[in-house]
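Here's the structure we're looking at; comments come further down.
The values are calculated or read from the model by the stated rules, or taken from the named source; none is laboratory data. What you see is a predicted model; the values in this text were computed from it and never measured. Neighbour counts run over all protein chains shown; Cβ positions are idealised from the backbone, glycine included. Note: accessible area is taken over every heavy atom of the protein model, side chains too, but ligands, DNA and RNA are not part of it. Shrake-Rupley method; radii C 1.70, N 1.55, O 1.52, S 1.80 Å.
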Amino acid sequence: MKNYYSLALVWSMLLVITVSCNQGGMDAKDKATGSPVISLITTQFGSKAAYDCPVTIKGSDFSTRPGGNVVFFGDIQVTSLIESSEDVIVVASPLVEGYSVPVKVIADGVESNEYMLEYDEVKCDSVLIFRNASVTKLREGVVWTSALTTWEGFPRSLNVVSITPSETNVLGIACPSSFAYTSAQGKAAGALVAINASYFGGTKHDSYVKIGGEVKREGVAKADGCSAYFANGVFTLTDKVPAIAPVVGNEGAAELIASDVLCCGPLLIDDNTVQTMTSSDHNTLSHPRTAIGVTEDGRVLLVTVDGRFTQAEGMSTQLLASYMKILGAKYAMNLDGGGSTTMWIDGHGVVNHPCEAGWNVRMERKVDAIIYLK
């Protein structure tokens, strides 16, 4: 009996030793991978970052386990990991204070070195990414940024909706038989977001509009006095894919085979090149502006700039082009502005300050057409 208990004790001890060794082996294996190391951080702008733009962290010994990598920008834990692997992590840069921040990765509980990342001061201040901005995620792939601030020496009131097109984020053009408010047209289209679009109501202004292959407006011909800066760009949808391109007048827009076409202008940016605007009061003076842009990665930017108020200066088209470039637009086009400038968001109403009445009145002007997000 004594031998039996002795044997059982030996087996118990062996079992404990085996378990301990196995556990020690797992720890040793984890530690064998080494501590995570950040060797380089890059962004779409080079080495400097801007809010909500992809930041690529390169290095070694990051976690391969889902959720195993935790990234900090200073004291801020990043919540949006775009990509994560053993040697590359891509995140969307968060809101931070200042223009430089230490970045570190905690991989399976092991902390990396700190890598100092600089933010682009011009991009950050000019698009109000850091300060005085309200950022709202309307749904997946749709972010609304709104801000009142001072830029280039004047007060600015800005609204930007950034859209990642997808099966659920589909853009469209609406052009009813008679003029209607941007909000009314947006509601009729079942839209989430809508902005005013084409020129109308003048012998030199009317824009060409085609929707679903059907011509809604012929637009004013060049021979009839259509100014070049009113019709040298087009927003098109081909199989729901949005694009912006140069064009020669409403006649050039009419020759396009895209199913949906809206001609306007001036064209602000063409293939990353800011365009030189025709010298005219329309372009050189500060006015309320509406614009649309397409970024390098295919996002669509819907933008309004309020003006004609002491609270909001407006912009020239040249400054607007610079602003769209800062926002990341590879292509951009000015739309109808002035009293027409309106952004409407479902559940929020008219979110900018149309200049038809007082600053807080939000009185819309009836317009010819809109661009909307379904």
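See the values below:
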| read-out | value |
| --- | --- |
| Any hit, the stretch 163-172, residues being touching a Gly at 6+ places or on another chain (Cβ under 7 Å) and free of Cβ contacts under 8 Å to residues at least 40 places away in the same chain | yes |
| Out of GLY109, GLY141, GLY153, sole residue that is at pLDDT below 85, surrounded by fewer than 19 Cβ atoms within 10 Å (Cβ to Cβ) and small (Gly, Ala, Ser) | GLY153 |
| Test set (1) open to solvent by 20 Å² or more (accessible area, probe 1.4 Å); (2) touching a residue at least 24 places away in the same chain (Cβ under 8 Å); (3) polar (S, T, N, Q) - ASN159 fails condition number | (1) |
| Residue match in the stretch 328-345 (condition: modelled with pLDDT under 95 and over 22 Å from CYS226 (Cβ atoms)) | yes |
| Test: residue in the stretch 254-263 that is small (Gly, Ala, Ser), under 22 Å from ASP368 (Cα atoms), open to solvent by 40 Å² or more (accessible area, probe 1.4 Å) and assigned to a loop (DSSP other than H, G, I, E, B) | yes |
| Scope the stretch 208-253; condition of a type in the set (Lys, Arg), more than 22 Å from VAL294 (Cβ to Cβ) and outside any strand (DSSP E or B); matching residues | LYS222 |
| Any chance GLU251 is more than 27 Å from the chain's Cα centre (by Cα), in contact (Cβ under 8 Å) with a residue 12 or more places away in the chain and open to solvent by 70 Å² or more (accessible area, probe 1.4 Å) | yes |
| Pairs with Cβ under 6 Å, 6+ apart, first in the stretch 351-372 and open to solvent by 40 Å² or more (accessible area, probe 1.4 Å), second β-branched (Val, Ile, Thr) | ARG362/VAL350 |
| Residue within the stretch 55-75 that is open to solvent by 60 Å² or more (accessible area, probe 1.4 Å) and either on the phi > 0 side of the Ramachandran plot or aromatic (Phe, Trp, Tyr) (or both) present | yes |
| Filter pass, ALA223 being more than 13 Å from TYR208 (Cα to Cα), at pLDDT below 95, surrounded by fewer than 20 Cβ atoms within 10 Å (Cβ to Cβ) and of a type outside the set (Val, Ile, Thr) | yes |
| Any chance THR295 is open to solvent by less than 50 Å² (accessible area, probe 1.4 Å), closer than 23 Å to GLY358 by Cβ and under 16 Å from the mean Cα position of the chain (by Cα) | no |
